[in-house]
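Reviewing the structure listed below.
Here, each number is a calculation from the coordinates, and none is a lab measurement. These numbers come from a predicted model, not from an experiment. So basically every Cβ, Gly included, is an ideal-geometry build from the backbone, and we count neighbours across all protein chains shown.
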Amino acid sequence: MQDRHTFRKKTVPLITMISPVTAWLILLIALPLLYILVISFCGTDDAHNIVFHFTLKNYAKLFDPTILSIYSNSLVIALLTTVICILVAYPFAYIMASTTPFRKTLMMIFLMLPFWTNSIIRLYSWRTLLGTNGYVNLLLLKIGLIQQPIEMLFTRGAVVLGMVYTLLPFMVLPLHTVIDKLDGGLHEASSDLGAKPVKTFLHITLPLTAPGIFAGSIMVFIPCLGYFFVSNLMGGGTSQLIGNVISRQFKEAFNWPYGAALAIMLILITLLLVRIYTKTGGKIDDLGVM
Amino acid sequence: MAKAIVEIKNVNKFYGDNHVVKDLDMEIYEGEFLSILGPSGCGKTTTLRMIAGFEQQTDGVITVEGERVENKEPFERNVNTVFQSYALFPHMTVHDNVAYGLKMKKVKKAEIAGRVEDALSMVRLEGFGKRYPAQLSGGQRQRVAIARAIINNPRVLLLDEPLGALDMKLRKQMQIELKNLQKQLGITFVYVTHDQEEALTMSDRIAVMSGGVLEQIGTPAEIYEKPTTKFVADFIGETNLFEAVEAHVRDDGTVCLNAEAGELTGADPRFSAAELVYLSVRPEKTLASESPVTGFSLRGTVRENIYIGTVVKSTVVLQNGQEIRVSSIAGAPVPAAGSARYIHWNPGDAVIIHSKSNTILDLMDSLDLGAYVAGGA
């Protein structure tokens, strides 16, 4: 065995040992990323062509007050979305973990079912519901709660709603995993030692399920920064996110180098968040496929 | 001793259609070490969990210190539990685990520190306060679980097979420590186990349960020497059990019985002619002689002798195929394998067990007709 091993080491070229997965990762992820990194340091000529000469001006433009306010707007929306997702997903995941296997399956199906439809189509249905002539307004008018249709669509609230709607399963799944693993004996022990249910939740359940809350938050917060289509459909341009700016640089302004710099910045923020997550004891595996 | 601290009156517990505890009546005395012993599924853990408050009885009354507890949550009951799986809080240090109960009762911090130290030294875990449960061995975790319960000064400590996960040597050591701890604290221990040896060595009294029914409750000696049901005779220790019909009282006051294997003799103040009873004789009380003994007609052949240090265990096969176990002190003459022997005993050493009721169904059950019918169908 040992002989054959050294034989292979000496005679087989390194390139043939690259697995298809590695090749796939290099071709479709590493190389494009490298390209983005390179052009983020380049300029453009008048015809929007990329000019390969080193410059930091794209990065300097990131500190423009307008861009900074868009960053802060994105972070606020992401934060709001994450908090609301935790509040909605926690009870959902808790019930799912403690109910009968049949109901658990049912809840899981209802959670995952919308995923079989394109999220843009699903967001359009929200527009039908929330628009000025949408069903919600019609209903409220009919029962006389309001006299004038409420402007619900194209607000920051609508963007957050869209984000929560799209990203909720990513919070439920990691939460369900940790809550499901929780030893029921710990609740009994806590109760046995004199803790009322609220205290048991605060001292036992919450700390032990915190890893799931962290993992879910990462899974929700990061996509939130980039889901420009949610902002487009639900916010209608009223609420600019980093993702919107990046998409516009590539698709409308044709300033790829500047868009690249914005994208690199987003990647750095993401990496920073993941770093904080792992530093505070989070495990990459708990995030699933990112 | 006779003052009851926990009273269980006519308690039933159903899980759906499953009747797991049947008409249970039991008194647990102040300061005693009571074991609830039985095979798995006998209802012993359910009984414990009903006292703790994790399960609600379907009907009947449970009182602790004279107060009915059915409407009290576990955190309102003055009892504490040591769980089989320990159920230590993994995110807390040993100190915080042990302090948890006091913290919930809002005891002052300075007092908590002192009492935690006392509790840890009581289970010989001084200096382990800063460790986490994952850094402890099984035995150490068990001690933390005990310290976490006793620090609350419960009137009754409930222990659910607490030594089940430990290896044999550690078990033996912990048995002695638990017994000493109970004496030292002077509180009531209710100890659930399926290990009869454990129950016999540790308990003041043992409650034997089977199929949700309390078979017998009494001191270890009573349980071993005077079993009142067939189940107890069979379950506790080794025994030779005969199904027999009481025939008549002899001139010397002993009772003559007829079993399938032959004629037997026992002593029975409750003699009633033609009643079907069980007769149980422990192997160490069973004798095998070379010549027939008056009152017995149990002839058999010695199949084997097994030497296990202090005693020799012989198996004698009777003519009807029943195997009789005989233990004799090592060094005493042992019958050679293959030789013929006559089984007998001192009539006073045999225990005669009367059936609780003599309905036809019980009779069929005991004669194993049920199995016969089922097999024929």
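For the stretch A:59-66, the Karplus equation 6.51 cos²θ - 1.76 cosθ + 1.60, evaluated at θ = phi - 60°, returns couplings of 6, 4, 5, 5, 9, 4, x, 4 Hz by residue, with Gly and Pro reported as x. Relative to its residue count, the protein assembly as shown spans a Cα convex hull of 329 Å³ per residue. Among the residues of B:310-317, the average count of other protein chain beta-carbon atoms within 10 Å of the residue beta-carbon is 0.
What the pair-distance distribution of the stretch B:1-62 shows, using all Cα-Cα distances binned every 5 Å from zero, is 4, 17, 28, 27, 15, 5, 2, 0 percent.
Amide hydrogen proximity for residue B:216: with H placed 1.01 Å from N in the peptide plane, the residues at 5 or more positions away or on another chain lying under 5 Å are B:208. Most tightly packed first, judged by the mean number of other beta-carbon atoms within 10 Å of their residues, the peptides B:47-53, A:81-87, B:326-332 read B:47-53, A:81-87, B:326-332.
Which of the three applies to the stretch B:103-250, rounded, prolate or oblate, going by the alpha-carbon gyration tensor with a ≥ b ≥ c and a/c under 1.5 meaning rounded? Prolate, since a/c reaches 1.5 and a/b exceeds b/c. Our coupling estimate for the stretch B:84-98, obtained by passing each phi through the Karplus curve with A = 6.51, B = -1.76, C = 1.60 and θ = phi - 60°, is 4, 8, 6, 6, 6, 6, x, 8, 10, 5, 4, 4, 5, 4, 5 Hz, Gly and Pro reported as x. Averaging the Cα positions of each part gives two centres, and for the stretch B:1-45 and the stretch B:136-208 these lie 18 Å apart. For the stretch B:143-212, relative contact order (Cα pairs under 8 Å, six or more residues apart, normalised by length) works out to 37 percent.
Note on the stretch A:57-287: Cα Rg divided by 2.2 N^0.38 Å, N the number of residues, gives 1.19.
Helix-only arithmetic for chain A: the sum of -39500 (n - 2.57) across DSSP H runs with n ≥ 4, divided by the residue total, places the mean residue ellipticity at 222 nm at -21000 deg cm²/dmol. Put simply, the convex hull of the Cα atoms in the stretch B:1-141 casts, on average, a shadow of 10.5 nm². Considering the stretch B:68-123, its Cα convex hull presents a mean projected area of 5.1 nm².
Rounded to the nearest 20, the Cβ-based charge dipole of chain A about its Cα centre (Lys and Arg +1, Asp and Glu -1) stands at 320 debye.
Note on the protein assembly as shown: with charges restricted to the Cβ of Lys and Arg (+1) and Asp and Glu (-1), its dipole about the Cα centre is near 3560 debye. Sorted on the mean count of surrounding Cβ atoms within 10 Å across their residues, most packed first, peptides A:234-246, B:122-134 read A:234-246, B:122-134.
When the Cα positions of A:154, A:113, A:201 are compared along the charge dipole of the stretch A:57-287, A:154 comes out farthest toward the positive end, with charges on each C-beta of Lys, Arg, Asp and Glu. With contacts taken as Cα pairs under 8 Å at a separation of at least 6 residues, chain B carries a relative contact order of 14 percent.
Let me spell out the model: positive unit charges on the Cβ of Lys and Arg, negative unit charges on the Cβ of Asp and Glu, origin at the Cα centre of the stretch A:172-290. What dipole size does that give, in debye rounded to 20? Around 380 debye, computed over the stretch A:172-290. Kirkwood radius and radius of gyration were both taken over the C-alpha atoms of the stretch B:107-193, and their ratio Rg/Rh is 0.96. Here chain B is treated as a Stokes sphere of Kirkwood radius computed over C-alpha pairs; at 4 °C and 1.567 mPa s its diffusion coefficient rounds to 55 µm²/s. For the pair the stretch B:250-277 / the stretch A:147-215, the C-alpha centres are spaced 71 Å from each other. Selection among B:336, B:80, B:134 by position relative to the dipole of the protein assembly as shown gives B:134 as farthest towards the positive end (Cβ unit charges, Cα centre).
Just to be sure I follow the definition: excluding the sites themselves, where is the longest run in chain A that has none of the chymotrypsin sites (Phe, Trp or Tyr not before Pro) in a DSSP loop with at most 15 other Cβ atoms within 10 Å?
Segment A:55-253 is the longest.
Cross-link partners of residue B:105 among lysines, defined as those whose alpha carbon lies under 18 angstrom from its own and excluding same-chain residues fewer than eight positions apart: A:196, A:199, B:72.
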